Amino acid sequence: MEFLVLGSLEIRRGGEPIQVPGQRQRKLLALLILNANRVVPMDVLVDALWEDPPQSARPQVHNAIRDLRRVLSVAGEGRIVTADVGYRLVVAEDSVDAHLFAVRTRAARTAERSGRIEEAIGHLQSAVELWRGDALAGIQCSAVAAATVKLNEQRLAAVEDLMALRLRAGESASLVGELQSLLAQSPLRESLRASLMTALHRSGRQAEALAVYDEGRRHLAQELGLDPGHALQTLHAQILAGAAGAEAERAAPPSRPAPAAAPGSANYLPHDLADFTGRQAETRLALELSERGYGNVPGMISIDGMGGVGKTSFAIHFAHQVAPDYPDGQYFIELHGTSATREPLAPAQALGILLQAGGMSPEAIPAGLEERSALWRSRLAGQRCLVILDDAWDTAQIRPLLPGTGGTLVLVTSRRKLTALDGADPLFLDVFPPADALALFTRIAGERRVAPEAAQAARVVELCGYLPLAVRIAAARLRDRSAWSVAHLADRLASQPRRIRFLQTFDRDLMSMLRASYRNLDPCQRRFSRLISLHTAPHFDVDRAAVITGMPVDDVERCLDVLLENNLVTQDAPGRFSFHDLVRDCTMELLVEGGILREEGLLQAEPGAAPHPPALVG
């Protein structure tokens, strides 16, 4: 009797497969085999079979176990025993291929340590030959995924050991084809790349060996934003210098990846701001949410608000406050969801960065999204960690990055309201109250400069729309220009075109940030946004917006819903909306830059004339 998980799930008797009907039964069998001769609790089985277990979950598990028992009785070997809290599959250990694989790889390492290279190669070859494909291929189950990632990693480590040992035994040219095929499947495995470079170099193909290194360097940079490891760089340098084959082999990285550091060693929070100001109410709310506990599920707080409102600064400031409660690691990753210069980070790439931040070497990180996600969840399981996912584009981007169990707090920042992020507590950041905006302006520009012109300072922060980033830029400009007065600064901000130019520095561009949000709208929503921005009154309702834009009320409501979700308009009361002044500035700038006003017939013909469509004003 054979219980096979190193490939698709199979039971064989005398080499003949035995049919296991039903996906539910196959998932249960996979869990039982992976935990052969150990009790699997009923709660684990229920959670594995259903995301949202029905009330009849336990009876359905009993029925599935009954069906499995019937299959095993036909086979004549193996039995499922009922325990107090669950079930145990009782089988001979040697009948499970995963157990045989572990035994043979251990034997290979023992032989290698004793210098019996040929014997070690034989053990590893027989271990690798047990595999028929990816572990438990076709079983879609989160509880199984972490185990399959671990098994697949062990397979790759065994293959790497085998290639390295065959190189030590004197093979080279005969290995090139195999190594090229393996590396094509796992391009981030630096050990395989080192073995291929060594085999090519020994075969007199130095240029090809160097090309293999260059290909790996580009791949690491594109996928993870990293350089090759030190050992691989050393090997490259020696090959470049024409080192002998034996010297190149000694420079190769070890065949097995170094053990990953524990998540507790990870602390990647950016620095907190010394001049962080305000947000007392929001901080109290976040503390209440984090302290209430989330049981067996991870805690999630979704922080949203318009561009420049200070979401990232708030998340980092709050994270530093609660960091002692999460001693097993603090992670930060920027997802570039609304970056003006970069595409949103793909989930697989983000997971690669997070896993490496947790101590894993690039070659130990699996290639696929599902495998990376399962490994990330596995590493966070049972840990008290804090994770900041900054500038998320949508729920699909961040869902694979979420931990699977309690103990971890996730802070997500986004310009959009992530309403589809189930289980997350929303926390909206609005612009500052006038007093907090003035306090931030004073802290940056200096009390000595601001106090004599308090009224003008209040006018400055009002012209900045009380938006924290705009206030910060304006205050920094005043601080760095000793000849300016606060009144001079206010005059520069009073004109809309000058305000747009003024709130740009070499490393900060408020308008570009707001434009990035605008680009996320579809053409109909953009047209609605630019038409409604020409409405000069501070507020408008749905009916007024329909008159201004000439669009049906239903279309207006849909557009307003999208703008609200993207925090591009504010809902002041039910059915009553307004634009933030700086968002209006940005939209007007886009109108003029793109010649859109003329396309809409809204721009006066005189050169330099300001937009002023009389029919749309009021």
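Across the stretch 293-415, C-alpha contacts under 8 Å between residues 6 or more apart give a mean separation that, scaled by the residue count, equals a relative contact order of 42 percent. Modelled spin-label separation between Arg342 and Ala476, with each label point placed 7 Å from Cα along the Cα-to-Cβ direction: 1.8 nm.
Calculate, for Gln60 and Thr82, the FRET efficiency according to 1/(1 + (r/R0)^6) with r their C-beta to C-beta distance and R0 22 Å; round to the nearest 0.05. If you can, show how the numbers build up before the last one.
Numbers: r = 16 Å, r/R0 = 0.72.
So, using R0 = 22 Å, E works out to roughly 0.90.
For the stretch 22-85, dividing the convex hull volume of the Cα atoms by the residue count gives 83 Å³ per residue. Solvent-accessible area of the stretch 405-449 (1.4 angstrom probe, protein heavy atoms only): carbon and sulfur portion equals 56 percent.
Structural size metrics of the stretch 352-450, computed from C-alpha coordinates, are Rg and Dmax of 18.8, 57 Å.
Between Glu291 and Leu130, what is the FRET efficiency for a Förster distance of 45 Å, r being their Cβ-Cβ separation, to the nearest 0.05? Let's see the in-between values first.
On the way: r = 49 Å, r/R0 = 1.10.
That gives a FRET efficiency of 0.35.
Which whole-angstrom value gives the distance between the alpha carbon centres of the stretch 204-231 and the stretch 323-376? Cα centres, the stretch 204-231 to the stretch 323-376: 22 Å. Each part gets one Cα centre, and for the stretch 441-492 versus the stretch 529-574 those centres are 32 Å apart.
Here, the stretch 307-349 yields an orientationally averaged convex hull projection of 4.0 nm² when only Cα atoms define the hull. Panel note: the C-alpha atoms of the chain, placed on their principal axes, show extents of 88, 69, 49 Å (largest first).
Accessible area per residue for the chain is 45 Å², calculated with a 1.4 Å probe on protein heavy atoms, without ligands, DNA or RNA. Shape analysis of the stretch 23-165 yields a ratio of the Cα radius of gyration to the Kirkwood radius, Rg/Rh, of 1.06. Computed on protein heavy atoms with a 1.4 Å probe, the accessible areas place Tyr466, Tyr87 in the order Tyr466, Tyr87, largest first. In this structure, Asp555 and Asp325 have a Cβ-Cβ separation that, at R0 = 41 Å, corresponds to a calculated FRET efficiency of about 0.30.
Under the combined filter of DSSP loop state and at most 14 neighbouring Cβ atoms within 10 Å, the stretch 1-67 retains these trypsin sites (Lys or Arg not before Pro): Arg38. Over the stretch 277-330, the ratio between the Cα radius of gyration and 2.2 N^0.38 Å evaluates to 1.19.
Computed extension gain for Ser485 through Asp275, at 0.36 nm per residue and net of the alpha carbon distance, reaches 73.4 nm.
Computed over the stretch 100-243, the P(r) curve from all C-alpha pair distances, binned at 10 Å from the origin, holds 11, 35, 34, 18, 2, 0 percent per bin.
Against the chain, whose longest principal axis comes from its Cα atoms, helix 311-322 is set at around 60 degrees.
The values are calculated or read from the model by the stated rules, or taken from the named source; none is laboratory data. Keep in mind the model is a prediction, meaning the values are calculated, not measured. Cβ sites come from the backbone with ideal geometry, for glycine too, and all protein chains shown count toward neighbours. Note: areas computed on protein heavy atoms with side chains; ligands, DNA, RNA excluded. Shrake-Rupley method; radii C 1.70, N 1.55, O 1.52, S 1.80 Å.
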